[in-house]
2 protein chains.
Amino acid sequence: MLDAIARLRRFNRAVTRETGALDHSYLGRGRPLGAARVLQLVTPQGTDIAEIRVKLALDSGLLSRLLRSLQAEHLISLATDPTDRRRRTAHLTPQGQTEMAAYDTIGHARAADTLARAGKNQQALIDAMDLIATTLLQDQLSLRDADPNAPEALACLQSYYDVLAQKIDGITPDMLTLPLSDPQNYVAPRGAFVIAYSDDLPVGCVSVRPHAPTTAEVKRLWVDSSARGHGLARRLMHTIETRAKALGYTSLILDTNQALPEAIALYHTTGWTPIPPYTDFPATHWFGKAL
Amino acid sequence: MLDAIARLRRFNRAVTRETGALDHSYLGRGRPLGAARVLQLVTPQGTDIAEIRVKLALDSGLLSRLLRSLQAEHLISLATDPTDRRRRTAHLTPQGQTEMAAYDTIGHARAADTLARAGKNQQALIDAMDLIATTLLQDQLSLRDADPNAPEALACLQSYYDVLAQKIDGITPDMLTLPLSDPQNYVAPRGAFVIAYSDDLPVGCVSVRPHAPTTAEVKRLWVDSSARGHGLARRLMHTIETRAKALGYTSLILDTNQALPEAIALYHTTGWTPIPPYTDFPATHWFGKAL
DNA sequence: AATAATAGCTGATCTAAGTCAGGTATCTGC
DNA sequence: GCAGATACCTGACTTAGATCAGCTATTATT
């Protein structure tokens, strides 16, 4: 192997060139990068400007000026928050939405262009980018509740089903259908659906639904391959257990399959104990835990 | 699979943050990024400032000022090129070398830190970075002659040997030793050693050495796994054949092993024809080509 | 030898970005 | 009800980076 440091530096130069071309006068729409970055965070529904300031780590004076310049372009409108009149909210105007769509088109085209350069290695390139992004962003994983019918949730479930279909003999894709048949079981006060995001890309999920008056069942623990090895599954399980307790459940159960040894090992080391079977195929192992 | 474009954007944000932090470490030594980038290109042996200007795409006025500020810090010295007294050359002073060593330490530490974050996936992270860097830089591959005893050449040979030891049954690492026993056979006027660089990182090599008065032997064709699929082997072979012809040879021979089917396929499609065996194990196939 | 081209420098000017010390309006806790 | 905290704004200032016109010295062309 050639020097790892030299490789990392070459990587840095390569992506600096790639994203640098992207940076300067952001995507060539005649707007400084700072203003463009702010614009990206403003939604038609309105974004609290304090949120923008925190996310971009901007000085309040600087942000104030950037917002004013965007307002002068009629891309955003500013309003006072009625609940706290010190705060202000930025809204994307119809003109602003048009402008954002233009950014989107360009960004899309650039991304497609980059992927095209990989030729037949496209999937390998995406996998490589995933691994790097997840590694670099591992300190920024955020776990948030989601609507089980939201597109991100369905994407997670689809990925989860793909894993099952690939790993467990006898499972075919048509045995697993979307969306869930009982979504209301996965929202408070009956249950929960938690997604782990790495910079807004879902990389893991877990859910809990009612099983008996004081017992809930944990379902659909999934961690994307690019995000493994950082204890995310453990974190997801800990979160869902806490959530179930808060919902008033006093015990949890779950089933799993022998083809998922990492999951089984995790349950064994986190206080779960084997219980009698309560489901059929594809389950081969059953666990319970008192909260 | 989740949306490829979203993944690519997440990747962009992740590495932007990462290389941004790297930029700040340059700033961390009390010098603006521009000056630091210039300093990186100045060698103790002297660098033509026109070369710096082209590489960094700097305005001559701006570069002039940056050089002056580095000179004021006693990190570089400027001299007039004796062969063309309009040109100037920048040399790294001993103080400058000390400063560069400091940058090197920082870069090394940061790189080690990034790699450490990958935990046990370190090798996977490096492979992923290689694939991305090579894909993004594929239009920037440069083929240059090298001294067969130079560190880059030895690194190539080591990688080549690793491939052989891994793919061919019966080869053990101790059968292949560095450096070459006959380096003088690989430099003009007897032979050549060509390395393919992707932004200064060797990703492939090939060589030719004398076999008979008008016949030379092609040896050690290697392409790094991250650089495959872009026709680099073909380009290396074309280059080495042209080089052999320029050295006065009228025919070429080579041997290879059945465990390297891509190489054999390449020879078949580029005018090489099977010839009688002229070597023993590990060779299993022999080819010749008239120039 | 006259002219044009080239390499580099200087001074003037501009923009983006960031920093900081106030200032105003509003809210919160006691 | 009031002190202090909070959210945001304003104006003044700084730095990095870039651009451009014009300058000198040198080399190449004819």
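List of remarks:
So that you can scan it fast, the table gives a plain yes or no per residue for (1) in a helix (DSSP H, G or I); (2) among the aromatic types (F, W, Y); (3) not assigned by TED's automatic domain parsing to the domain that holds A:I195:
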| residue | (1), (2), (3) |
| --- | --- |
| A:E99 | yes, no, yes |
| A:D104 | yes, no, yes |
| A:L125 | yes, no, yes |
| A:L131 | yes, no, yes |
| A:T134 | yes, no, yes |
| A:N149 | no, no, no |
| A:D162 | yes, no, no |
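- Boolean, B:T83 is within 16 Å of DNA strand D (Cβ to nearest atom) and farther than 21 Å from B:S225 by Cβ: yes
- Those residues of the stretch B:51-63 which are under 20 Å from B:Y103 (Cα atoms) and within 11 Å of DNA strand D (Cβ to nearest atom), in sequence order: B:L56
- Search result, residues across the stretch B:92-111 that are open to solvent by less than 50 Å² (accessible area, probe 1.4 Å) and either within 10 Å of chain A (Cβ to nearest Cβ) or farther than 30 Å from A:T135 by Cβ (or both): B:L92, B:T93, B:G96, B:E99, B:G107, B:A111
- Residue in the stretch A:249-260 that is without any contact (Cβ under 8 Å) to a residue 12 or more places away in the chain and at negative phi present: no
- Selection from the stretch A:189-225 of residues that are small (G, A, S) and crowded, with 21+ Cβ neighbours inside 10 Å: A:G191, A:A192, A:A196, A:S198, A:G204, A:S207, A:A216
Yes/no per residue for (1) within 14 Å of chain A (Cβ to nearest Cβ); (2) farther than 17 Å from B:D81 by Cβ; (3) more than 8 Å from DNA strand D (Cβ to nearest atom); (4) modelled with pLDDT under 90:
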| position | (1), (2), (3), (4) |
| --- | --- |
| B:S25 | yes, yes, yes, yes |
| B:G28 | no, yes, yes, yes |
| B:T47 | no, no, yes, no |
| B:R65 | no, yes, no, no |
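- Residue in the stretch A:226-236 that is open to solvent by 60 Å² or more (accessible area, probe 1.4 Å), without any contact (Cβ under 8 Å) to a residue 12 or more places away in the chain, on the phi < 0 side of the Ramachandran plot and not in a loop (DSSP other than H, G, I, E, B) present: no
- The one condition in (1) open to solvent by 50 Å² or more (accessible area, probe 1.4 Å); (2) closer than 30 Å to A:R17 by Cβ that A:L125 fails to fulfil: (1)
- Search result, residues across the stretch B:66-86 that are part of a loop (DSSP other than H, G, I, E, B) and open to solvent by 100 Å² or more (accessible area, probe 1.4 Å): B:H74, B:P82, B:T83, B:R85, B:R86
- Residues (over 16 Å from A:K219 (Cα atoms) and in contact with a helix residue (DSSP H, G or I) (Cβ under 7 Å, 6 or more places away or on another chain)) located in the stretch A:170-188: A:I171, A:T172, A:P173
- Residue in the stretch A:134-149 that is open to solvent by 60 Å² or more (accessible area, probe 1.4 Å) and in contact with a helix residue (DSSP H, G or I) (Cβ under 7 Å, 6 or more places away or on another chain) present: yes
The values are calculated or read from the model by the stated rules, or taken from the named source; none is laboratory data. These numbers come from a predicted model, not from an experiment. When we count neighbours, we look across all protein chains shown, and the Cβ atoms used for this are built from the backbone with ideal geometry, even at glycine. These accessible areas exclude ligands, DNA and RNA; they are computed on the full protein's heavy atoms, side chains included. Shrake-Rupley method; radii C 1.70, N 1.55, O 1.52, S 1.80 Å.
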